[in-house]
Amino acid sequence: MKKVKIGLRKLRRNIIEYIATNRLFISYVILSIIGLVLLRGLTVNNANNLATFISDLAFVLLFGAFGYIVKPKNRFRYLLIVLIVFTLMEVINSIYYTFYYNFASFGELTAVGQTEAVTETILDKLNVLHIIYIIFPIIFYFVHIKLNNSSYYDFISAVEKGKKMCMQTLLVGCILLAYTLVMASGTDYSRLTKQWNRVYIVNRFGIVLYQCNDLIQTLTPKISALFGYEEAQQLFIKYFTSPERDEYQQKNKYTNILEGKNIIFVHMEGMETFLMDLKFNNKEIVPNLNKLANEGMFFSNFYPQVSSGTSSDTEFTLLTSLMPAASGIVFTSYGDRDYVTLAKLLKAKGYYTFSMHGNYSSMWNRYNVHPNLGYQDMYFEDKFTYNRDKCDDKNDATNLECINLGISDKLFFKEAMPMLEKIEQDNKNYMGTVITLSNHAAFEYLNKYGEFDLSTTYQDCTSGSCESVTTNYLQNSEVGHYMLSAHYADEALGEFLGYIKDSDYFNDTVFVFYGDHDVKLSRSEKNYLYNYDYKTGEVKEEDDPTYQEYDYYDHELNKKTPLIIWTKNKELKKTFKGEVNYVMGMYDVLPTLGNMLNIHNEYALGHDVFNIKNDNYVIFPNGNILTNLIYYNNSSGQYKVLKDGAEIASDYIPNLTQKSEALLEVSNAIVVHDLIKEAGDTLQAIKGNGVND
C-alpha cells in the first residue's frame, strides 16, 4: 500500500511538472483537437467518435512534436503555423461540405482558378460557423502573450530537454496512430486506398489522416506517371473482357432508329424533376418543361452522377459513359486524356460537332477540354452580344441581358437560333451541346426573374371561425429563390421551343434535354416544401402527426433531374413519346443513344436502359447505389427498400457493392492512367485472340 501511495505521489508530481513546463504545447493540443472535433460535429455529426478522436490526436502530437527541437522562444511560431494549417483545413472543408456534402481534395483545390463562378457561389453560402475555427489561433496567440509576459520561456529554456521531449511525443503519437490502423477493418483500408468515399474516411479516420492520404494520392501520379500502371492495366483488361460486357452488343426496337439524324443536347443548368410536380395558386413552376415531357419521351427516374466537378462532371459522363475522377476534377486535372466520346464517334461518321455556352470558355477549362472531347467548334461568351458590365448588379431590373454568370437564358436562346440554323445550312449532319446558365446558384437575381406568386392560402380556424389567410413563407428562403430562378429558366426554355417549332429547320433533328445536377439545396432547405407549418411559421417537428417524412434517403432520391428526348419530326414523334420509369444514370445516356445512332463505345460503363430495364443500377461517385428496389448508403452500409413488400436476397447488396467498387476502380484507372490510349491496343489484341482473363 505504501508503494502505491509513493507511486501515485510520483505520478502526480510528474503530471504537475509536465503541465508546468508544457503549457504552450498543451494549449496547442487542446485548441487543435477542439477545432478538428468541431469540424466533424458541424459536418458529418460525428463529434463523439473515440476512434476518430484518437486518430486526430495522433496527428496533432506527431506534427506538434517537432516543435520541441525548436528553441522555446521560437516554438510558438512553429506551433502557430501547424495550428493555422489545421484551421485552414477546417475552414475550407467546412465551406466545401456545405456546398458539395463532401470533403475537399487537393486535386480539386488546384483547379479553383478555373472555376471562378462556382467559387463565388460557394462564398455566397458563407456563415459564421464556417469561420468559427479562426478563433483557435487567436486564442493561442493570447496564450503566448501571457506566457511571454511571465518567466515561462526563460524557465523551460533552462530545464527542458527538447530532443527527449520530441522523441517521447513522437512515440505517443506513433502508438496512437498504430492503434488507429490496427483497429481498422479491411473495408476501412479499402476505402482509404480508393479514396472515393471521403465522408466515410473522415468519419472513420478523421480529417487530418484523410487530407494527408489525399495529398499523397494527388501527388503520386504526378511524381510518377507509371505509378500503379501495371495493376491498373490488369484491372482494365479484366473488366472489359468480362462475359457480362456482351450486353452492350444487344439490339432492341430502338436500334439504329436515329442513324443519320442530327442531335442537339440541351444542358439545363440546375433543373430538378421535383419542380415538375409543384403548383402555386394553380400555376405550374415549370409549365414548359411539363409540356416538353408530355410531347416527348420522358425518363422520370434519371440521376446525374456528379462529384466536385458538378456541370463539367455531367458533360464528361454524358459524352464518355465514364465516372468523375476519385480525386481532382477531370476537366481541370485529366482533360488531356484520350477518351472515346459520343462527339468523336459521330464526328467519325461525318458529323459536324460543336458546343455552345453563354459563359467564358475558361470556366472548367472548357477551351482545352471540349476540343479533346470531340467538339470541332465552340460558341461561347465572346460570340454573344450583351451587356457584360452589368452582370454583377443583381438589383437592376432593367438589364435583362445578363443574369447570374453571363448572358441571360432568354437572350442566349434568341441569339443561338440563327447560329443553329446556319450550322444546319452548312452541314449535312451535326451534333452539338447547348449549355444554359441563368439557373446556376446563387439564386439572388430576384428582380430579373419576372413575376411568379409563391404564396399559399390556407384556412385558419383557431379563433372559432375560419378565415382565409395568405402567406408567402417561401419568399425569403433559398428554395423559394431557386423556384423563381427555375421558373425564369423554364420561360426561356419555352421561348426556345417556340423558336424551334416556328423555324423551317430542325425537321431531322432530335433534341435531348437534361438537368445537369441537383442544386445543392440542403435537406432542411427542401423540407420547407413538405413540412412548413403555416400557423407557427416554423418547420414541423417529427412528432407532429401531420409531419411528412423527409429523411436522408428521401432527400437523395429527390435529386433526380429531367431527361427528355424530343423532336418535331412527325415520324419520330410517334416513337419518342411517353414516360420511361426505369432507374437511369448519366452514364447510361451514351449507350442508350448510341444504340439509336448506330455508334458504339466499348469502354462505356453505363447500359442501354432499354436492354437492362428494371435490372439497371446507378452508381454514384461516393459509392452509393440506386436500383428499382433499394437505395444503398455506402458510408453507413444501410439501405432503404423502395418497393413495399420487396424481398431483398442475402447476396443482393454484396453483389451490388462488388459491381460498384469494380466500376469505380476501372473508371478512375482509365482517367488517371490514360488507359484507353496506353492499354487500348493491348485490350484489342486480347479480344482479337478470343482470350478472356
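Applying a threshold of 31 Å to the alpha-carbon distances of K253/K640; K501/K643; K283/K422; K410/K613; K251/K349 flags K253/K640; K501/K643; K283/K422; K410/K613 as lying beyond it. Among the trypsin sites (Lys or Arg not before Pro) within the stretch 248-303, those in coil by DSSP and having at most 11 neighbouring Cβ atoms inside 10 Å are K251, K253.
Using the alpha-carbon atoms, what tilt in degrees (0 to 90, nearest 10) does helix 135-149 show relative to the longest principal axis of the chain? Orientation of helix 135-149: about 20 degrees from the principal axis. When we measure straight from the Cα of K535, which aspartates and glutamates land under 14 angstrom away, once same-chain ones fewer than 8 places off are left out? Straight-line reach from K535, under 14 Å: D460, E467, D544.
Can you classify the chain as rounded, prolate or oblate using the Cα gyration tensor, where a ≥ b ≥ c are the square roots of its eigenvalues, rounded means a/c under 1.5, and otherwise it's prolate if a/b beats b/c and oblate if not? It comes out prolate by the Cα gyration axes. The label point for V469 and the one for E542, both projected 7 Å from the Cα toward the Cβ, are 2.7 nm apart. For the stretch 441-452, backbone phi angles converted through the Karplus equation (6.51, -1.76, 1.60; θ = phi - 60°) give residue-by-residue couplings of 5, 8, 8, 10, 8, 4, 6, 10, 7, x, 8, 7 Hz, Gly and Pro being listed as x.
Phi-derived couplings, Karplus 6.51 cos²θ - 1.76 cosθ + 1.60 at θ = phi - 60°, listed residue by residue for the stretch 580-591: 10, 9, 4, 5, 8, x, 4, 6, 8, 5, 4, x Hz, with x used for Gly and Pro. Rounded to the nearest 10 degrees, the inclination of helix 409-426 to the longest alpha-carbon principal axis of the chain is 50 degrees.
Beta-bridge orientation, the stretch 235-688: approximately 50 percent antiparallel, per DSSP, counting only bridges with both partners inside.
In order along the stretch 365-371, the phi-based Karplus estimate (6.51 cos²θ - 1.76 cosθ + 1.60, θ = phi - 60°) of 3J(HN,Hα) comes to 6, 5, 4, 9, 7, 4, x Hz; Gly and Pro are listed as x.
The distance between label points at E444 and D644 comes to 4.6 nm (points 7 Å beyond Cα on the Cα→Cβ vector). Spin-label point model (7 Å from Cα, Cβ direction): what's the K261 to N149 distance in nm? Modelled inter-label distance: 7.9 nm.
Given their separation in residues at 0.36 nm each and the Cα-Cα distance between them, D277 and K163 gain 34.3 nm when the chain is fully extended.
Compute the angle between helix 478-502 and the longest alpha-carbon principal axis of the chain, please, reported from 0 to 90 degrees and rounded to the nearest 10. Taking Cα atoms only, the helix is inclined about 30 degrees.
The GluC sites (Glu not before Pro) found in the stretch 383-474 that occupy coil by DSSP, while having at most 11 further C-beta atoms within 10 Å, are E451.
Counting each DSSP H run of 4 or more residues in the chain as -39500 (n - 2.57), what helix-only mean residue ellipticity at 222 nm follows after dividing by all residues, to the nearest 500 deg cm²/dmol? It would help to have the intermediate numbers written out before the result.
On the way: 30 runs with 342 residues, N = 693.
Here the helix-only value at 222 nm equals -15000 deg cm²/dmol.
For G296, the amide hydrogen comes within under 5 Å of the amide hydrogens of G578, counting only partners 5 or more places away or on other chains and with H modelled in the peptide plane.
For K161, a cut-off of 29 angstrom between C-alpha atoms picks up these lysines, skipping any fewer than 8 places away in its own chain: K3, K5, K10, K71, K73, K146.
For the chain, the relative contact order comes to 19 percent (Cα pairs under 8 Å, sequence separation of at least 6).
Computed from the coordinates by the stated procedures, all read-outs in this text should not be read as laboratory data. Since this is a predicted model, take the numbers as computed values, not measurements. Glycine also receives a Cβ, built like all others from the backbone with ideal geometry; neighbour counts cover every protein chain displayed.
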